[in-house]
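The values are calculated or read from the model by the stated rules, or taken from the named source; none is laboratory data. Since this is a predicted model, take the numbers as computed values, not measurements. Here the Cβ positions follow ideal geometry from the backbone for every residue, glycine too, while neighbour counts run over all protein chains shown. Areas reflect the complete protein model, heavy atoms only, side chains present, ligands, DNA and RNA absent. Shrake-Rupley method; radii C 1.70, N 1.55, O 1.52, S 1.80 Å.
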Amino acid sequence: LPCHIFNVCFRTVEPLEYYRRFLKENCRPDGRELGEFRTTTVNVGSIGTADGSSLVKLGNTTVICGIKAEFGAPPTDAPDKGYIVPNVDLSPLCSWRFRSGPPGEEAQVASQFIADVIENSQIIQKEDLCISPGKLAWVLYCDLICLNHDGNILDACTFALLAALKNVQLPEVNINEETALAEVNLKKKSYLNIRTHPVATSFAVFDDTLLIVDPTEEEEHLATGTLTVVTDEEGKLCCLHKPGGSGLTGAKLQDCMSRAVTRHKEVKKLMDEVFKSMKPK
């Protein structure tokens, strides 16, 4: 058998053993080192009908985020707060594993993860979304749609959300005291007050011991566990997501944390460059 055909057959029949042979040499079948991330790109403001949007690519994994701002009544138990409502959509478009209909387990887990990141990082203080206490507040609907799922969806979604929120501009709103109606000034818009910049870094664990970063879909499937660490620009831990699988020692967790801090600097630099290159509207 020619070598390339043998490799394809071996990978199909014994995918885990195929991977182990690469991992022993401290590399992966796609040519990356164990601690190497895929090429990451971000575009912002690409959806004209949204109030803020972004497109993030992490290798082949592609996520688009569109944010729509609407009016709503503040919650009765928090009359001085607005809302941020995230939703992750994993449709059949992005992978053969997903079906049409109500969101599956993975989409629900991803949506809850993003909600936890928003809450724990305080990326936006919900008080900033209040227009008139007890009367009117902004509701930010954050739709994250996966166009291509090739692993590490949580990192891509977190990055896309942050970039889209930084792109949002809301018009000035005043309450008319005589009519009690909202008056919107579309000529005077302002950006959201982004208070922290949470960045997610995901790992896959092979054979209970070996850590690799930014796993592909195939690597996630073959791994004995996964872990996602979310940090802010000060290196503080915002979220730790570990859905079962093999355990990690304290030393391994510390290693993940330090790598996450390094990754945060790379992502923040990339995002800063993109926003700097954009001309003011």
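Looking at the stretch 203-236 only, could you name the residues that are of a type in the set (Gly, Ala, Ser) and within 19 Å of the chain's Cα centre (by Cα)?
ALA204, GLY235
Of LEU154, LEU161, which residue is open to solvent by 10 Å² or more (accessible area, probe 1.4 Å), under 27 Å from THR40 (Cα atoms), of a type outside the set (D, E, K, R) and part of a helix (DSSP H, G or I)?
Among LEU154, LEU161, only LEU154 is open to solvent by 10 Å² or more (accessible area, probe 1.4 Å), under 27 Å from THR40 (Cα atoms), of a type outside the set (D, E, K, R) and part of a helix (DSSP H, G or I).
Out of (1) within 25 Å of THR209 (Cβ to Cβ); (2) in a loop (DSSP other than H, G, I, E, B); (3) more than 17 Å from the chain's Cα centre (by Cα); (4) not small (Gly, Ala, Ser), what's the single condition that is false for ARG21?
(2)
Go through the residues of the stretch 210-223 one by one and say whether even a single one is touching a residue at least 24 places away in the same chain (Cβ under 8 Å), in contact with a strand residue (DSSP E or B) (Cβ under 9 Å, 6 or more places away or on another chain), of a type in the set (A, V, I, L, M) and within 18 Å of LYS57 (Cα to Cα).
yes
Please verify whether the stretch 68-75 includes one or more residues that are within 21 Å of the chain's Cα centre (by Cα) and not in a strand (DSSP E or B).
No, because not a single residue in the stretch 68-75 is within 21 Å of the chain's Cα centre (by Cα) and not in a strand (DSSP E or B).
Small (Gly, Ala, Ser), in contact with a Phe, Trp or Tyr (Cβ under 7 Å, 6 or more places away or on another chain) and open to solvent by 10 Å² or more (accessible area, probe 1.4 Å), is that true of ALA182?
yes
Among the residues of the stretch 55-68, which ones are hydrophobic (A, V, I, L, M, F, W, C) and open to solvent by less than 20 Å² (accessible area, probe 1.4 Å)?
Hits for the stretch 55-68 are VAL56, LEU58, VAL63, CYS65, ILE67.
A quick yes/no check of all residues on (1) touching a residue at least 60 places away in the same chain (Cβ under 8 Å); (2) assigned to a loop (DSSP other than H, G, I, E, B); (3) open to solvent by 20 Å² or more (accessible area, probe 1.4 Å):
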| position | (1), (2), (3) |
| --- | --- |
| GLU177 | no, yes, yes |
| ASN193 | yes, yes, yes |
| PHE203 | no, no, no |
| ASP208 | no, yes, yes |
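Can you tell me how many residues in the stretch 69-102 are among the β-branched types (Val, Ile, Thr) and surrounded by fewer than 14 Cβ atoms within 10 Å (Cβ to Cβ)?
Total satisfying the criteria: 1.
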